[in-house]
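Please treat every number below as a calculation from the coordinates, not as lab data. These figures come from a predicted structure and were not determined experimentally. A quick note on method: Cβ atoms are made from the backbone with ideal geometry, for glycine too, and the neighbour counts reach across all protein chains shown.
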Amino acid sequence: MPKAAVYAVIWSPERDRYELHHQGDRSHHPLHTEDGSGFAGLVDGSSFAFQGKHGRLTLRKESRLHGEGYWYAYRNQGRRTRKKYVGRTTDLTIARLEDIAEALTAEPRVSTDERSQVKGGTIPKLQAGVPAEERSAALQGRVPDTVTTSPSEHRTPVLAPKLHLPRLHASLLTRPRLLTRLDTGLQGKLTLLSAPAGFGKTTVVSQWVTDHRKRQHHPPVAWISLDPGDNDPVRFWRYVITACQAFQPGIGQSALALLHTVARSSLELMLRTFLNELASLPHRGILVLEDYHVITSPQIHETLTFLLDHLPAVFHLIVITRVDPPLPLARLRARGDLCELHAEDLGFSQEETAIFLGQALPAALSPEEIRHLDTRLEGWVTGLRLVTLMLQRRLTQQEIEHFLATFSGSHRHILEFFVTEVLNAQPEPLQVFLLQTSVLSRLSGSLCDAVTGRNNSEQFLKAVEDANLFLQSLDGSGQWYRYHPLFAEAMQQEARQRFGEEALHAWYSRASVWYEQQSMLTEAVEMALQAREFARAAALIEQNMRPHYAYHKMNEYHTLQRWLGSLPEDVLGQHPRLCSRAALLLVFSWEGRTDSRPSTLAQIERLLHRAECAWQAEGNRNGLGEILTFRAFLSWEQGDFALAARFAREALALLPESESQWRGSCFRIIGEEEMLAGRVREARQLFQEALALFEAAGNSYGARAALLALAEVYWLQGALRQAAELYRAVSSTAREDLPNAGKAQLGVARLSYEWNVLETAEQEAQEALDLGTRLQDEALQVQASLVLATIEQAREQTAPAQQRLHALLARLPGGSTHHLPLLDRHILAGQARLSLAAGDLAAVERWSTTSAMDRESIPRLLQEQEDLITLRLLMAQGEAEEAIPLLEGWRVEAHQHGRTRSEVEILALTALAYFAQQRPVQASSLLREALALAQAEGYQRLFLDEGEEMAALQRVVLPTIRKDLSETYVHTLLHAFTQQQLGQGASFTYSSPVSARLIEALSPQEQRVLRLLVAGLSNPEIAEALVVSINTVKTQVRSIYRKLNVKSRKEARSAVRGQNLL
C-alpha cells in the first residue's frame, strides 16, 4: 500500500476557505487557489489528500518515462476503489478537484449494513461541512466514506449544479424594498415570485440569500434550478430532498428510501415521512424552487400542495416562476401564509432605473430620457440591462436619441436586438461559440469543448462572463454556467437561421456523447432525443435498464415513459426488450391501475407483436417466455382466467430457472386460477413456489402479493390464525405499497368480523375502503363495502346496508367489465343475502333466477357462494328436503379439495335443514361435526349469521356434547347469540295471560338473567354479560326461583318452555 499522504487540502466551512494541513502539525494555513500556485508545495511529493465541499479524494501521481507524469484521484467505496484521471500538475485546481470529488461521490455504493436498513441501499447526503475526525483521517490519507446512495442501482446521479445558488454580478443594484418584502414573507409558508422572463426574480432572491448569509444567525437555504426533465415526480422529489440536506446532514434519508419504492402507490407516505423529518429540525430552513413554470406534471402540483398544507413552522418555500402555479394560492392568501411579488413589484421604479443607468453608462441621461425608457420598459430589468449595452456602443448624442426614439421594448424587439446588437458585436469565433452552446441548458468547459470541437471553451466562457453577456455562474468555482433564458432563446433561433436544424442536431449529438462518457445517462438520453438520434437513444435507454428492469423497481416512471413514447415504433421494433417495457408502461398508470381501454390494448398488442417477432427470429426463448407471461397478465386483468393460466403454463416451458421474477408471476397466475376453481391445495403449493421465486429475485411487491394469495388460501382452508399471521406480515412491510396494504387491511377486517369483534372489523374495513378510494381501486372499494354492509346487517341495520350496496352497484359500469371482473355479481349476491335476512324472499328469488342464466361462466368458488344463498332460499320457503342433497354435493366437493371453511358452513346449513324437518338426531350429528371443525379457529359469525334457528339448534345439541372444549365453545356461541339479542333490543314475547303475569312479576333485570339462564350460561358468565357481580346474579336467580316456584335451573328451564314464557 502507498504511504499515507503527508499533506491534505481541507475545506473549512467555519473559516470559509481551503486550508493546507501537514501530518503531525496541528496548525493550518490558508491555501491560495486563484492561480493554482497554492499546490506548489504539494506536488513535490507523489500524493496528497483532498477533503472538499463535495467529497474526499486521495491524489497520487503516476510517473512516466518521459515527462513529469499524471495525477489520478482515488476514492474508496466499500470494498471497491474508484479511480479518475485528473491531469498534469498544471491542471491541479480546487475547481477541478471539487468536480472530480463530486463525480466520484455520485457513484453508487451499498454496504451490507445499509442493505439491512433499506433494501438496496441508503440515501445520498450533501456535505455541509467537514467534521474534525474526518479532517484527521484525511491527513492520514484514509478519508472515510460516509456518502451513501439511493436504494436503486438504476438511480441517475443528482446533477450538482442544479443545487447551486447562481452567482451575483459585482455591479448589482441593491433593492432594499424587495429584500424587506422577502424578509416579511418568512412569517408565512410560501413566497411566490411570479413574473415574465427578465424581471430579475432569480437575482433578487439570490441577493436576499447572500445578504442573509452575512448575518450571524441566518437560516440555511436549499436551492434547486428546475428544468423540463424534472416533471418526473420521483426525480423532482429526489432533488428536493437531496437539496434539503443542506439544512441538516442526513435529513430525508427515510423519505428517499420510500421515494424509490412508490412505483405502484401514492407519494403521500413519502411526503409524510419527509415532513416529520423537517419538523424535527432545530432551526428554520428555506427551500427555493427556481423556474417552477417548467413543471407541468399534475402529480407534482398535487404533492407540492400536500407539502404546503402540512408545512412545519421551521420550513419556508420560495417559488420562482413565470406564471402563477396551480397551487392553493387563494387559500394561502386568505390565511396570511402567502407573500407575493409580481411584475409590478419586481420591476425597476423610475428611481431605480435612474440609479442603474447612472452606474452602467459613462454619460448620464436626461430625466426625460429616463422617463421615456421607464415608460417603454415598464420596469423590465433585463430589457434595461440590454438597453445599457446598446447605449454603451453609441458615442454621439444623436445616436443615443435615435436609438431611444426607435426602441419599443417588446419581446420580439429584444430578441432581435440580442442578435443585432449583442451577438453581431462579438468577434466571429465568439459568435459561433455562443450559437453552438445555446442548445445546452447548463454549460461547462469540457462539455462546450465536446460540442464545439474546441479545446479552450473555459476561456470563452470566462470571456462571455466578463463581457456580461447574459451568462450566469452556477457555482463558486466557475465550472458550471447557464445562459439567461431569453438570450438562449434568441441564440437558438439565430443558430437555426444561420446553420440549419441539422447543425443543432449535431450539437445535441455531441453533447449526448459527452454525457454518456461522464456516465450521466439521463442527460445523454435527453440530448440524443433532441438530436433525433432515436436508435442511439434507444440503446442508451436499454443500457439504463440493465440488469433486468422490473416494473416494481422503476424509480423515475414518468421519465422512462416519456422516453419510450418519443421513440418511433420502427425503432422500438429493433429493441424487443424496450417494446416489452413500453407495453408494461402503457398498462399501468402511476397508481398501479390497469388501463384496459381498447385503444391502449391495441397499442400494447402491436408492441408485444414486434417484440415477439424479433425474439422469434433470434430464437430467444427467454424473451418469448416474457411475452407469454405478459399476455397471461393481460388476459387475467380482462377476466379470461383460463386463457391467462394457459399462457402462464406455456411461458413456464420457455423461461429458464434463473428468470425468477417472470416465473414467479406465472406460478401466481396459475395459482389464482386453481384457487378460483376451488382447488385450494394446488393453489397453496403454487403460491408458495411464487413466493420463493419473488423473494429470490428481491421483488418485495411480488412477494407481498404472493403472501396475500396464500392468506386467501388459508382463509378458504379454515386456517384463520395462519391467514391473520400472513396479513400482519404484509401490513408490516407494505407501508409504501398502498394497494397491497389495502388488501391486507381488508383481510384482517374479514377475520375480525368472523371472530365477532365488530367494532374492530368496522374500523379495519373503513380504512381499507378509504385506501381503495384514494387509489381509485374499484375492487378494493367493493370488497370493503361488502364487509361493512355485512357488519351493518349483523347489527340489524338492514336498510343502511342495502342502501350502501345499492349505491355501490350504481357506481359500477353495467355488467362485468374486463378490468373489474365479477364485482357486480359479488354485490348482487350480497344484496340477495340482505334480502333473505329481511324476509324479502321474492327479491331473492328474482336474483336466483337471473344469476342462474350464466352460472357456468363464473368461477367455481362464486358458484358455491351463489348456490348456498339459493339453498337458504329453499329452506326459507319450506323446501328443506330439496336443499339437503344439493348441500351434500357441495360438502363432498369442499371436503375433497380441503375447503374447510366451506365445509363448516355447509354442515351448519345442512343441520338447519334437518332441524327444520323435525329430525333432531341428524341435525345434532351434523352440527357437532361442524363445531368440531370450527372450534380450533374460533369461528363465530358463520354460526351467528344463521339467526335464532341456529341458537335453538345449539341449545338442543349442548346436552349431547361431552364436557370438553366443544362444550365451552358452544357456551361461547350461545353467549354471543344472547349478547347479540340484547344489543339489538330483543324483547320477551308472551303467549298467554298466565305467562304474561309471571313475566310481569319479574323485574327487567330478572328477565335478562332468566333469558341467559335458559340459554345455558353459568352464574359467572351471566355476571360477565350483564356487568354485575356474581353475588348479585345469585340473589336474582333465587328471586326468579321463588317467583316461578321452582328450585333448580332445570325446573326453571322446564317452566319457561312449558308455559312458553320466552
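What FRET efficiency would be calculated for the residue pair Glu340, Gln459, taking the C-beta separation as r and a Förster radius of 60 Å, to the nearest 0.05?
0.90
Taking amide H positions as placed in the peptide plane 1.01 Å from N, state which residues far from Leu469 in sequence (5 or more) or on other chains have amide H under 5 Å from it.
none
What would the Debye equation give as log₁₀ I(q)/I(0) for the stretch 677-828 at q = 0.18 Å⁻¹, counting only Cα atoms as equal point scatterers?
Here log10 of I(q) over I(0) equals -1.15.
Report the percentage of all Cα-Cα pairs in the stretch 160-346 whose separation exceeds 22 Å, rounded to a whole percent.
Result: 43 percent of Cα pairs exceed 22 Å.
With 27 Å as the limit, write out which pairs from Lys53/Lys162; Lys189/Lys462; Lys189/Lys743; Lys84/Lys201; Lys83/Lys214 have Cα-Cα distances beyond it, or answer none.
Lys189/Lys462; Lys189/Lys743; Lys84/Lys201; Lys83/Lys214
Using the Kirkwood radius over Cα pairs, work out the Stokes-Einstein diffusion coefficient for the stretch 257-342 at 4 °C and 1.567 mPa s, in µm²/s as a whole number.
Diffusion coefficient, whole number: 91 µm²/s.
Stretch Leu361-Thr849 to full length: gain in nm at 0.36 nm per residue minus the Cα-Cα span?
That pair, Leu361 and Thr849, stretches by 166.3 nm at full extension.
Per-residue counts of other Cβ atoms within 10 Å, averaged by peptide: what ranking do you get for 791-797, 183-189, highest first?
Per-residue Cβ counts within 10 Å, averaged per peptide and sorted highest first, yield 791-797, 183-189.
Can you give me the pair-distance distribution of the stretch 763-914, C-alpha pairs, 10 Å bins, whole percents?
Bins of 10 Å from zero give 10, 36, 38, 15, 1 percent of pairs.
Out of His301, Ala257, Ala160, whose Cα points farthest toward the positive end of the dipole of the stretch 160-346 (charges: +1 Lys, Arg; -1 Asp, Glu; placed on Cβ)?
Checking the options against the dipole of the stretch 160-346, the answer is Ala160.
Once R0 is set to 51 Å, what does the formula 1/(1 + (r/R0)^6) return for the Cβ-Cβ distance between Thr760 and Glu542, expressed as a FRET efficiency to the nearest 0.05?
On the way: r = 50 Å, r/R0 = 0.98.
E between Thr760 and Glu542, to the nearest 0.05, is 0.50.
Going through the stretch 611-688, which GluC sites (Glu not before Pro) have at most 10 other Cβ atoms within 10 Å and a DSSP loop state?
Glu657
Taking R0 as 30 Å, what FRET efficiency do you get between Ala467 and Arg215 from their Cβ-Cβ distance, rounded to the nearest 0.05?
It comes out at approximately 0.35.
What's the magnitude of the charge dipole for the stretch 160-346 around its Cα centre, counting Lys and Arg as +1 and Asp and Glu as -1 at the beta-carbon? Answer in Debye, nearest 20.
Numbers: 19 positive and 16 negative charges, 89 e Å.
It works out to roughly 420 debye.
Once you have the alpha carbon radius of gyration of the stretch 564-666, what is it after dividing by 2.2 N^0.38 Å, with N set to its residue count?
1.03
Which order do the peptides 949-960, 778-789 come out in when sorted by mean C-beta neighbours inside 10 angstrom, highest first?
Highest to lowest by the protection proxy: 778-789, 949-960.
Among the trypsin sites (Lys or Arg not before Pro) within the stretch 309-385, which fall in a DSSP loop and have no more than 14 other Cβ atoms within 10 Å of their own Cβ?
Passing both the DSSP loop test and the Cβ count: Arg335.
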